[in-house]
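Only one structure is covered here, and it is reproduced in the block below.
The values are calculated or read from the model by the stated rules, or taken from the named source; none is laboratory data. Everything numeric in this text was worked out from a predicted model, so none of it was measured. Using ideal geometry, Cβ is built from the backbone for each residue, glycine included, and neighbour counts are taken over all protein chains shown. Please note that ligands, DNA and RNA were not included when accessible areas were found on the heavy atoms of the full protein model with its side chains. Shrake-Rupley method; radii C 1.70, N 1.55, O 1.52, S 1.80 Å.
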Amino acid sequence: MPDTVSTQRKKVTLPPDAVLDELIHDPSPNIVIAVAGDARLSEDLALSLLSRRDLPREALEELNRNSAVAKQRKVRLALVMHPQTPRHVSVPTIRHLYVFELMQIALLPMVATDVKRVAEDVLINKLATISAGERFTLAKRSSGRVAASLLTDKEDRIVQAALMNPQMTEAWIVRALKKEAGTELLAPAVSRHQKWFPRNDVKAALLGNKNTPFARVVQIAADLPIQALRDVLSHGRIAPNVKSYLSGMMNKRMGRNS
């Protein structure tokens, strides 16, 4: 709700005998704002209040300031996930959430894109400090951007799980292969992968990666169009033996096609 409207709200003070479990359903925005800031509000009532999608932003701000419930984890999560929560409330709150809460936020379609992005950033920054079990779960179930950050993990099972993530895309894999650093497990895994290996952009990225098994280099060189090989030779950072082989293969194929 625009700030010009919020300044016109009438401040309401609830009486001592107010029945909060009824007032959380009140249609009046002023009443709802007062309920959100009331010190008697319980966690369950706060969550019930947050289930309303018609909350004014002032109510969400009051709830965030309400020390009786604001530090409850379920309330924090619901507050971040609410579509009307202002960014100056949701973004700082994200930094206090657990790993799998962050994963949940990044996957929910009703959460704003910029809020998801912050959740992903926080999650990616945590990867170096969390357990292998947590990274494995994230590789399997997180958003594509987070899973892509795990393509260069030091554990093969985590790399494999990231490759199988339903949110994974060809673009993320190509980008990871072009980094080279940390792809000791990734390049061989992709070169064996039934879904990703057949794609030409992935094959080209594998040719430019020093960790790709040479047997796969031979296969790729025979499969890729000549123009794709030329592009790899002109732009890729290729090992000398691979460069020599590709040049010979390309010349042989060009002579055969002439």
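Put simply, of 45, 77, 63, 97 the only residue that is more than 30 Å from residue 135 (Cβ to Cβ) and out of contact with any Gly (no Cβ under 9 Å at 6 or more places or on another chain) is 45.
Being more than 21 Å from residue 152 (Cβ to Cβ) and assigned to a helix (DSSP H, G or I): is that true of residue 243 here? Spelling it out, residue 243 is indeed more than 21 Å from residue 152 (Cβ to Cβ) and assigned to a helix (DSSP H, G or I).
Looking across the stretch 210-225, the residues that are open to solvent by 20 Å² or more (accessible area, probe 1.4 Å) and either in a loop (DSSP other than H, G, I, E, B) or under 30 Å from residue 128 (Cα atoms) (or both) come down to 210, 211, 213, 225. Restricting the stretch 232-258 to residues that are under 20 Å from residue 175 (Cα atoms) and open to solvent by 70 Å² or more (accessible area, probe 1.4 Å), the residue that is farthest from the chain's Cα centre (by Cα) is 234. Taking first residues from the stretch 82-110 that are more than 26 Å from residue 33 (Cβ to Cβ) and aliphatic (A, V, I, L, M) and partners that are open to solvent by 70 Å² or more (accessible area, probe 1.4 Å) and part of a loop (DSSP other than H, G, I, E, B), the Cβ contacts under 9 Å between residues at least 6 apart in sequence or on separate chains come to 107/167.
Please tell me if residue 135 is within 16 Å of the chain's Cα centre (by Cα) and more than 24 Å from residue 207 (Cβ to Cβ). First the steps, then the outcome.
On the way: within 16 Å of the chain's Cα centre (by Cα): yes; more than 24 Å from residue 207 (Cβ to Cβ): yes.
Yes.
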